[in-house]
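First comes the structure, then the notes that go with it.
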Amino acid sequence: MLSPHANPRRKVLLVFGTRPEAIKMAPLYLELSKHSGEIDVAVCLTAQHREMLDQVIRFFGIPAHYDLNLMKPGQNLYSLTAAIVEGMKPVLEDFRPDYVFVHGDTTTSMAAALAAFYSGAKVGHVEAGLRTGNKWSPFPEEMNRSLTGRIADIHFAPTQQSRENLLREDIPERHILVTGNTVIDALQHGLSLIERAEPESVQVLSRQLPLHRDIILVTGHRRENFGEGFLNICRALKRIAEQADAEIIYPVHLNPNVQGPVYELLSGIPNVHLIEPQPYESFIWLMNRARLIITDSGGVQEEAPSLGKPVLVMRDTTERPEAVSAGTVILVGTDEERIVSETLNLLYDTERYDRMARLHNPYGDGQATKRIAQFLLTNHKHEYVS
Ligand code: UD1
Ligand code: UDP
């Protein structure tokens with residue numbers, strides 16, 4: 001008979017709530033479920049997002065063992081944070097995880113990590129260690145990620161640079177594992193699924209949009225860009241639409257602070273197509289089809305280089321300097337003039353475009369989830385990494 005300590009199944013609760021966390025945690029769930037003899041994994045959705053979260057879990061086939069169903073239209077940070085902490089209590093008491101894994105820098109990540117700490121569970125932080133060093137930018141994500149890092153017991157850093165950021169904050173070396181970013185695992189999995197069969201949502205898009213033309217794909221949602229930043233972005237897109245021989249396709253984030261200015265300023269322009277947020281399968285299909293991408297999204301700037309697509313990032317600071325150094329993305333801020341000139345320059349300077357499109361993705365090899373699973377499997381014997 002096995003001694004009770006010989007090979008206890010590790011109970012791991014994955015907690016996430018927004019679209020990007022779901023995309024980056026989905027392949028981890030799929031990988032951990034392969035080891036059901038050693039790992040008992042469950043998913044708790046805070047549903048900080050609803051429709052945009054459901055689009056992802058449907059595509060990847062992720063079950064929701066717990067669903068706090070918290071999203072409220074136009075929600076604010078105070079009530080959302082409180083609701084997550086409170087909502088996690090019965091879940092933690094019911095599942096009694098050894099580990100709670102959270103992802104990245106959202107309010108869900110920070111509040112779920114805090115709740116997990118209160119419960120006595122160990123906290124694993126996936127995509128740990130990204131920093132701008134400016135607590136106001138991105139807001140509130142820089143602080144969410146730093147606080148989660150302060151709570152976490154094990155840090156899954158996507159790159160060497162993120163590992164170094166953590167070491168500078170006196171996180172012990174043996175508590176950090178460099179894994180690559182799970183977004184690459186998700187992208188590879190997603191691409192293999194859509195190669196097998198063209199998704200229904202892509203067929204719908206193909207009927208509605210002139211996809212045979214050059215496409216500029218746009219996304220944007222950052223809080224620090226609300227107000228003047230978004231107005232500048234919209235004015236810039238309007239000028240690009242007038243000057244470029246291309247179609248602008250813009251799946252508009254459901255946040256009312258985004259929907260308001262975008263629909264007001266960009267509706268009715270013939271080559272600007274404002275569409276619903278896309279399910280992951282049609283979004284990666286669109287990225288693959290696009291000539292270039294203009295975004296303020298973290299995840300998109302990590303994915304696009306794998307598809308050989310240059311990215312203009314509408315932010316002034318970045319916690320993802322690897323892509324800037326690798327030359328796969330250019331930071332253009334929210335300056336109208338700069339967005340227009342860099343876009344036109346990239347569209348028509350083919351040599352520069354080709355140089356950017358050929359560069360290597362610094363964010364991983366698609367094996368990040370395997371490395372995280374390996375940590376849990378070998379951690380039966382060791383307390384943390386070494
Ligand atoms: C959140 C995260 C941000 C992340 C982004 C990804 C925080 C503070 N912000 O920002 O870090 O980059 O998600 O997209 O954690 N809404 C819907 N349906 C949805 C999703 C959102 O209607 O499926 C609307 C609701 O009115 C909601 C609002 O958008 O109240 C804002 O959602 P929220 O999660 O608070 O902020 P995001 O801007 O989405
Ligand atoms: N994405 C998507 N549909 C869309 C727009 C984006 O599936 O209409 C995906 C995209 O591929 C990336 C992620 O959503 O993986 C990025 O999410 P978002 O920009 O909302 O958040 P961020 O990455 O900035 O935190």
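Results, tabulated for the structure shown:
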quantity	calculated
Single condition Q188 does not satisfy, out of (1) surrounded by 22 or more Cβ atoms within 10 Å (Cβ to Cβ); (2) touching a residue at least 60 places away in the same chain (Cβ under 8 Å)	(1)
Qualifying residue in region 43-63 (condition: away from ligand 2 (no atom under 16 Å from the Cβ), surrounded by fewer than 17 Cβ atoms within 10 Å (Cβ to Cβ) and modelled with pLDDT of 95 or more)	yes
Filtered residues of region 301-317 (kept if of a type in the set (A, V, I, L, M), open to solvent by less than 10 Å² (accessible area, probe 1.4 Å) and either over 22 Å from G229 (Cα atoms) or within 8 Å of ligand 2 (Cβ to nearest atom) (or both))	A304
Top-ranked residue in region 67-103 [being more than 16 Å from ligand 1 (Cβ to nearest atom) and open to solvent by 40 Å² or more (accessible area, probe 1.4 Å); ranked as farthest from L30 (Cα to Cα)]	E86
All strands (runs of 3 or more DSSP E) inside region 289-344 with 3 or more residues being without any contact (Cβ under 8 Å) to a residue 40 or more places away in the chain	311-313, 329-331
Set I194, I171, I184: member being of a type in the set (V, I, T), more than 19 Å from the chain's Cα centre (by Cα) and within 30 Å of N288 (Cα to Cα)	I194
Region 232-260 - residue that is open to solvent by 10 Å² or more (accessible area, probe 1.4 Å) and within 22 Å of N76 (Cα to Cα) and, of those, nearest to ligand 2 (Cβ to nearest atom)	H253
Test: residue in region 251-272 that is hydrophobic (A, V, I, L, M, F, W, C), more than 14 Å from ligand 1 (Cβ to nearest atom) and within 22 Å of I284 (Cα to Cα)	yes
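The values are calculated or read from the model by the stated rules, or taken from the named source; none is laboratory data. Fair warning: this is a prediction, and the values are worked out from it, not measured in the lab. With ideal geometry, Cβ positions are generated from the backbone for all residues, glycine too; neighbour counts draw on all protein chains shown. The area values use the complete protein model at the heavy-atom level, side chains included, leaving out ligands, DNA and RNA. Shrake-Rupley method; radii C 1.70, N 1.55, O 1.52, S 1.80 Å.
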